[in-house]
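**Q** Quick one: structure below, then a few questions.
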Amino acid sequence: MALGAASGAGAHAGQAPLHIVTAHLPPLVMAPGDKQPGALRELVDALCKRLGVVPDIEFMPWRRALYVAATTPNSAIFPVTRLPERERRYHWLAPLYEENYIFMAHKGSDFDVHRPQGMTDKRIALLRGAAQSAILRELGFRRLVEASSIDEVHRFLLAGMADAVFGERAIIHRSLEMRGVEKDFHLGEPVRTTTAWLAGSRDIGEQEAARWRAAMAELVADGTQKRIFRQYGLA
């Protein structure tokens, strides 16, 4: 049976809005004031509408967002990568997007984005608290330069504080596009593919989590997810 907004609203009548935390990660999530909300923000909005859930979305630095969602009842976070060390911190509500992680380096740099296995002594800039840290350490990188935002990651690279950047492909492409500097950088092929989720606080029960997963399956089946992704060049 379809999980329409009417049936979801009945289940949530009288409940407080779901506090959802996130960060500015264009084109996946765009801060208030941007022309578009971002592909995953639109997808999460569609999920909430399908379930009759009222979202209260708050933007904050990513590391803080991870902490808030793990410690605050009736809260959620997106887009968060599902890692073994995070498994018990959250209740995993819905898979949203396939992430592709790549290296980026300035042209003229001695960092070879096509042979990253030989670059493990280099300094790598990344978003603080993000899944990239665990992936990089698994790949043998130890000199990690963490930044509080995507803009700061880019500044660290330009300032010579890092030799390369490691991040999600769509986010890197949009960051370069917004600055008009695509021709100044080399981009590697994906070295790791993961899934970004909407994850909830542990007080959200399995029955409720199953409703979120079923609603997500509906959005995939009826083409809503693909339509949203196509608008952002992600499909």
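Quick note: the coordinates plus some simple rules give every number you see, no bench work behind them. As the structure is a prediction and not an experimental result, all values here were calculated from the model. Methodologically, a virtual Cβ is constructed for each residue, glycine included, from the backbone with ideal geometry; neighbour enumeration extends over all protein chains shown.
**Q** Among Lys49, Lys35, rank each residue by its count of other Cβ atoms within 10 Å, from fewest to most, as a rough exposure measure. Walk me through the numbers before you get to the answer.
**A** Working: Lys49 16, Lys35 5.
Final ranking by Cβ density, sparse to dense: Lys35, Lys49.
**Q** Skipping prolines and chain starts, which residues have an amide H placed within reach, meaning under 5 Å, of the one on His91, given they are 5 or more residues away or on another chain?
**A** Under 5 Å from the amide H of His91: Gly200, Ser201, Arg202.
**Q** Going by a ≥ b ≥ c, the root eigenvalues of the Cα gyration tensor, does the range 99-192 fall in the rounded group (a/c under 1.5), the prolate group (a/b larger than b/c) or the oblate group?
**A** rounded
**Q** For every helix of n ≥ 4 consecutive DSSP H residues, a contribution of -39,500 (n - 2.57) applies; sum these over the chain, divide by its total residues, and give [θ] at 222 nm rounded to the nearest 500 deg cm²/dmol. It would help to have the intermediate numbers written out before the result.
**A** On the way: 8 runs with 82 residues, N = 235.
Value at 222 nm, helices only, nearest 500: -10500 deg cm²/dmol.
**Q** Would you kindly state how much longer the chain becomes between Arg137 and His114 on full extension, computed as 0.36 nm times their sequence separation minus their alpha carbon distance, in nm to one decimal?
**A** 6.5 nm
**Q** Amide H of Thr195: which non-local residues (sequence gap of 5 or more, or other chain) have their own amide H closer than 5 Å, using H built in the peptide plane?
**A** Arg82, Glu99
**Q** Can you give the local net charge around Glu152? Use residues other than it whose beta-carbon is closer than 15 angstrom to its beta-carbon, Lys and Arg +1, Asp and Glu -1.
**A** Residues near Glu152 contribute +4 overall.
**Q** Simple spin-label model, 7 Å along Cα-to-Cβ: Val191 to Glu58 in nm?
**A** 3.5 nm
**Q** Report the percentage of all Cα-Cα pairs in the chain whose separation exceeds 31 Å, rounded to a whole percent.
**A** Summing the P(r) tail past 31 Å for the chain gives 24 percent.
**Q** Could I ask something else about it? Figure the gain on full extension for Asn100 and Leu158 (residue separation times 0.36 nm, minus the Cα-Cα span) and round it to one decimal in nm.
**A** Answer, rounded to one decimal: 18.6 nm.
**Q** Collect residues whose amide H, placed 1.01 Å from N in the peptide plane, falls under 5 Å from the amide H of Ala125; neighbours closer than 5 in sequence don't count.
**A** Val145, Asp163, Ala164, Val165, Phe166
**Q** When the Karplus curve 6.51 cos²θ - 1.76 cosθ + 1.60 is applied with θ = phi - 60°, which whole-Hz ³J(HN,Hα) does each residue of the range 110-125 get, with x for Gly and Pro?
**A** 8, 7, 8, 5, 8, 9, x, 5, x, 10, 5, 8, 7, 8, 10, 8
**Q** Assuming a ≥ b ≥ c are the square roots of the Cα gyration tensor eigenvalues, decide whether the range 8-96 counts as rounded (a/c under 1.5), prolate (otherwise, with a/b larger than b/c) or oblate.
**A** It is oblate, given that a/c is not under 1.5 and a/b is not larger than b/c.
**Q** Let me ask something additional. Give the residue list of trypsin sites (Lys or Arg not before Pro) in the range 141-182 that are DSSP loop and have at most 12 other beta-carbon atoms within 10 angstrom.
**A** Arg142, Arg143
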